[in-house]
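**Student:** Sending over a structure as structure tokens; questions will come in a sec.
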Amino acid sequence: MPLNAAFAAYRIAGRVDAPVRRPDGCTFSIAVDGVWPLAGAVTLAADGVVRIRVGDSGNGVPDLAEARPPADLDVGWDETAVTVAGGGLHIRIDRARWRISVTRRADGTLLWASSVGDVDQKGRERVLPLGLHADGDRLTAAFEVDQGERFLGLGEKFTHLDKTGLSIVSSNSNAGGATSEQAYKNVPFAISTRGYGVFFNTTCTVRHEVANPTWSILSYVAVIEEPALDLFVIDGPTPKDVLLRYGELTGYAPPPPLWTYGLWLSRFYYESWDTLFEACQGMRDHDIPSDVVNTDTYWMGSDRLSDMQWDEGRFPDPAAAIARLRDLGFRLCVWEYPYLSRTSPLWQEAWGKGYLVRTEDGQPCDVQTTLPVPTHHMEGFRGVGSLVHVYTQPLVTPGTLIDFTNPDAVAWWQDLHRARLNDGVSVFKTDFGEDVPRGARFHDGRTGREVHNLYPLLYHKAVAEVTAEVTGDYVVWGRSSWAGGQRFPIHWGGDPVTTFAALASTVRAALSYGLSGVPFWSHDIGGFAGPAPAPALFVRWAQFGLMSSHARLHGTTPREPWEFSEQACAIFRDWARLRYRLLPYLYALGVEAGRSGLPLMRAPFLEFPDDPTCRTLDTQYCLGPDLLIAPVTNERGDVEVYLPDGIWAGFPDGGLTEGGRWLRRQALPLADMPVYLRADGVLPLAPPTRHTGERWDSLTFEILLDRGVDRVFTLPDGATVRVTASPADGGPLTMRVEGPHTLAYHARVRTTGGAQHIRKDLPVGTVTPLT
């Protein structure tokens, strides 16, 4: 009898029988409570990737990669065990009782094992290695947790990076902020600090008891809200290797175009072309580089969300207005959500043709969101929060869910978007998507139970596909997601409140989401809802935001930098200019992410997995492999920075510092945020521009040379630049650049010994001594 009362209603899996060899592994049956047979399979999906299946799910993440069994696959069994080996791994399934273990063949290291011996002093089990609920609607599985083992990832969680000891629920929700366990983007994929990952392939809710002391500190328990298990165990041995294999399985993110890396300007909301153009012109007048402006919600009438029709009283002649924006160097983003207002003139057509989701009794499946009614008719309006708190207003008319499981509904929805893209719109802010009720009934026969977490993937895919068809750019600006959602970039972190605590939790969410296989991510600079951020909070958030994968100003009150103070605007300008100089670096990282799955914003564990301090460090991050950034998340200006072993240089103009230690900075000037360049780090820097439409005529390479560098960077036109530099070693320091002859190349090389070399014009294809 299990000790934990939570398992009292579960039937316990037992003997494994009837093994059958197959091309990628083996199938078998599992006796549940000694009598009830349950189908099982253990297969090798690829080198280093084990797939364990129990029951018949049918609710896996769509478009997973085809299995590629290793050439050395070997399957066998006897009376005691079934074994599957190949691709560097050995799997053993004990036949007497469900216990499965995965070891590395090279050295016999136990990588993963189901939890069998987790008992109290009387021998009572704290957890079940495998159990099926008596109601037949959910399953539990548990595996062992080693001493000192930590688990990271599980989506865009605002908790600490280390999920060990926590109860985590993988189920999308409108999290209402950034300071709870709830999340807009959940991913049932975790990385262990022991060098492997676990991916629960389901769109149903998963509850993770991650060595939770109320259950057991010796086991990771998963409760899956379907009577099936489809688990991938992914070997590394490094976390980068795990992400590479996870990306091969679930899909890599298409690299976004260069303009998306520019600064995005937004507010909830610009009520007319006049206020939107005023903000854009202000960016140019204040000499702040920027590329995208977002109307946000009410470019449509509030009574017809989200039918994608302009409110031409406030936004007349959209094609001409968008052309004017392009002349200013801005692209236009417009907002949407995947619900159709009952008061829209298009609602009857959509309902009559079966394009909308139904309830169990056949009625329209309506969603009441948190959107307030418009307030731009009120005197002094400058965003909803400029007059009233956004969440104290009456709410807009409920909308009915678009049914993205119906191909005809998808085509109809895409037609509505195609018209706006033909007006000149560049990208859609695909808001919401977390609100599918469990009882919803979809065109393909599934219910909200199965589709709730899948819905944002279907939504984003529909919008990204039509956007790419018209513009060539496969992008959205999405809030909700699930495993596999990295295939539809870009995502942002939802609706944090305007506090330093929310800023700190947003940093943690970035690192957690990056370790969940998602490379491209952003957040609302200044926070979204609440009182207008104080200048210090705005600046600190901006420094973090402008050194993120993607950068957007957004909130319920104005976020234009000159709204805060002259000092705040000047500091913002400097950091925005630095971002634009780093665009070649960011763009090249994006191209790399498209084939490696590595996030641009990396938890230190990704770059320094053997450093114990880095394993759970979540107050700083690496921007790519070369930069380390420590956001300041308090009003005092205090920050602690951990520098791993090696020599580091303050960037852009700081001195050299020995790593392997903590640095404490107190009362840091508002203009400063710690940024360090790693030894043998290389940064390709662009000349200053106002927007990405102004092309670069040169690149400057910032290098901190130690042992030597050999790096290749992909440019936006597809060309590559290769940079090599060798230390002096008794002779002159040398450097070589191979790349397009249309660019001029410069270099500033600092050595870890303290020397500095500046070279204005490096000839292409020539080994050049630096003096």
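**Student:** Of all residues being of a type outside the set (D, E, K, R) and over 12 Å from A671 (Cα atoms) in region 560-574, which is surrounded by the most Cβ atoms within 10 Å (Cβ to Cβ)? Just the residue, please.
**Tutor:** Per the criteria, the residue is P561.
**Student:** How many residues does region 452-474 contain that are among the small types (G, A, S), assigned to a helix (DSSP H, G or I) and more than 17 Å from the chain's Cα centre (by Cα)?
**Tutor:** So the answer is 2.
**Student:** Being surrounded by fewer than 21 Cβ atoms within 10 Å (Cβ to Cβ), among the small types (G, A, S) and within 16 Å of A588 (Cβ to Cβ): is that true of A719 here?
**Tutor:** Against the criterion (surrounded by fewer than 21 Cβ atoms within 10 Å (Cβ to Cβ), among the small types (G, A, S) and within 16 Å of A588 (Cβ to Cβ)), A719 qualifies.
**Student:** Name the residue that is least open to solvent (accessible area, probe 1.4 Å), counting only residues in region 732-761 that are touching a residue at least 60 places away in the same chain (Cβ under 8 Å) and of a type outside the set (D, E, K, R).
**Tutor:** T752
**Student:** In region 189-207, which residues are of a type in the set (D, E, K, R) and free of Cβ contacts under 8 Å to residues at least 60 places away in the same chain?
**Tutor:** Hit for region 189-207 is R207, nothing else.
**Student:** Are there any strands (runs of 3 or more DSSP E) wholly within region 1-107 with 1 or more residues that are of a type in the set (A, V, I, L, M), under 31 Å from the mean Cα position of the chain (by Cα) and within 18 Å of A134 (Cα to Cα), and if so which? Break it down into steps so the answer makes sense when it comes.
**Tutor:** Numbers: elements: 10-22, 25-32, 36-46, 49-54, 74-77, 81-86, 89-94, 99-104.
Of the strands (runs of 3 or more DSSP E) lying wholly inside region 1-107, those with at least 1 residues that are of a type in the set (A, V, I, L, M), under 31 Å from the mean Cα position of the chain (by Cα) and within 18 Å of A134 (Cα to Cα) span 49-54.
**Student:** Which of the residues that make up region 22-44 are under 22 Å from G86 (Cβ atoms), of a type in the set (V, I, T), open to solvent by less than 20 Å² (accessible area, probe 1.4 Å) and out of contact with any Asp or Glu (no Cβ under 6 Å at 6 or more places or on another chain)?
**Tutor:** Passing the criteria: only V42.
**Student:** Among the strands (runs of 3 or more DSSP E) lying completely within region 604-676, list those that include at least 2 residues that are open to solvent by less than 50 Å² (accessible area, probe 1.4 Å), among the aliphatic types (A, V, I, L, M) and without any contact (Cβ under 8 Å) to a residue 40 or more places away in the chain.
**Tutor:** Ranges flagged: 639-643.
**Student:** Any idea how many residues of region 596-641 are more than 24 Å from T498 (Cα to Cα) and basic (K, R)?
**Tutor:** Looking only at that region, the number is 2.
**Student:** Can you find a residue in region 522-532 that is farther than 21 Å from L387 by Cα and either open to solvent by 10 Å² or more (accessible area, probe 1.4 Å) or part of a helix (DSSP H, G or I) (or both)?
**Tutor:** no
For (1) open to solvent by 10 Å² or more (accessible area, probe 1.4 Å); (2) of a type in the set (V, I, T); (3) out of contact with any Pro (no Cβ under 9 Å at 6 or more places or on another chain); (4) closer than 18 Å to M601 by Cβ, each residue gets a yes or a no:
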{"site": "G493", "(1), (2), (3), (4)": "no, no, yes, yes"}
{"site": "F500", "(1), (2), (3), (4)": "yes, no, yes, no"}
{"site": "R508", "(1), (2), (3), (4)": "yes, no, yes, yes"}
{"site": "P558", "(1), (2), (3), (4)": "yes, no, yes, no"}
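**Student:** Between a first residue in region 86-97 that is free of Cβ contacts under 8 Å to residues at least 40 places away in the same chain and open to solvent by 20 Å² or more (accessible area, probe 1.4 Å) and a second residue that is among the small types (G, A, S) and not in a loop (DSSP other than H, G, I, E, B), which pairs have beta carbons less than 6 Å apart while being 6 or more apart in sequence or on different chains?
**Tutor:** Qualifying pairs under 6 Å: R92/A81; R92/S101.
**Student:** Could I ask something else about it? Being surrounded by fewer than 24 Cβ atoms within 10 Å (Cβ to Cβ), in a loop (DSSP other than H, G, I, E, B), at pLDDT 95 or above and of a type in the set (G, A, S) is the filter here; which residues of region 149-176 pass it?
**Tutor:** Answer for region 149-176, where residues must be surrounded by fewer than 24 Cβ atoms within 10 Å (Cβ to Cβ), in a loop (DSSP other than H, G, I, E, B), at pLDDT 95 or above and of a type in the set (G, A, S): G165, S171, S173.
**Student:** Could you please let me know if G385 is within 22 Å of W492 (Cβ to Cβ), open to solvent by less than 30 Å² (accessible area, probe 1.4 Å) and in contact (Cβ under 8 Å) with a residue 40 or more places away in the chain? So that I can check it myself, show each step before the final result.
**Tutor:** Working: within 22 Å of W492 (Cβ to Cβ): yes; open to solvent by less than 30 Å² (accessible area, probe 1.4 Å): yes; in contact (Cβ under 8 Å) with a residue 40 or more places away in the chain: yes.
Answer is yes for this residue.
**Student:** Something else: Residues in region 541-550: is at least one open to solvent by 10 Å² or more (accessible area, probe 1.4 Å) and either under 30 Å from G251 (Cα atoms) or without any contact (Cβ under 8 Å) to a residue 24 or more places away in the chain (or both)? Break it down stepwise before answering.
**Tutor:** Step one: list which residues in region 541-550 are open to solvent by 10 Å² or more (accessible area, probe 1.4 Å), which gives none.
No, region 541-550 contains no residue that is open to solvent by 10 Å² or more (accessible area, probe 1.4 Å) and either under 30 Å from G251 (Cα atoms) or without any contact (Cβ under 8 Å) to a residue 24 or more places away in the chain (or both).
The values are calculated or read from the model by the stated rules, or taken from the named source; none is laboratory data. Quick caveat, the model's predicted, so the values are computed rather than measured. Note: ideal-geometry Cβ built from the backbone for every residue, glycine included; neighbour counts use all protein chains shown. Note: accessible area is taken over every heavy atom of the protein model, side chains too, but ligands, DNA and RNA are not part of it. Shrake-Rupley method; radii C 1.70, N 1.55, O 1.52, S 1.80 Å.
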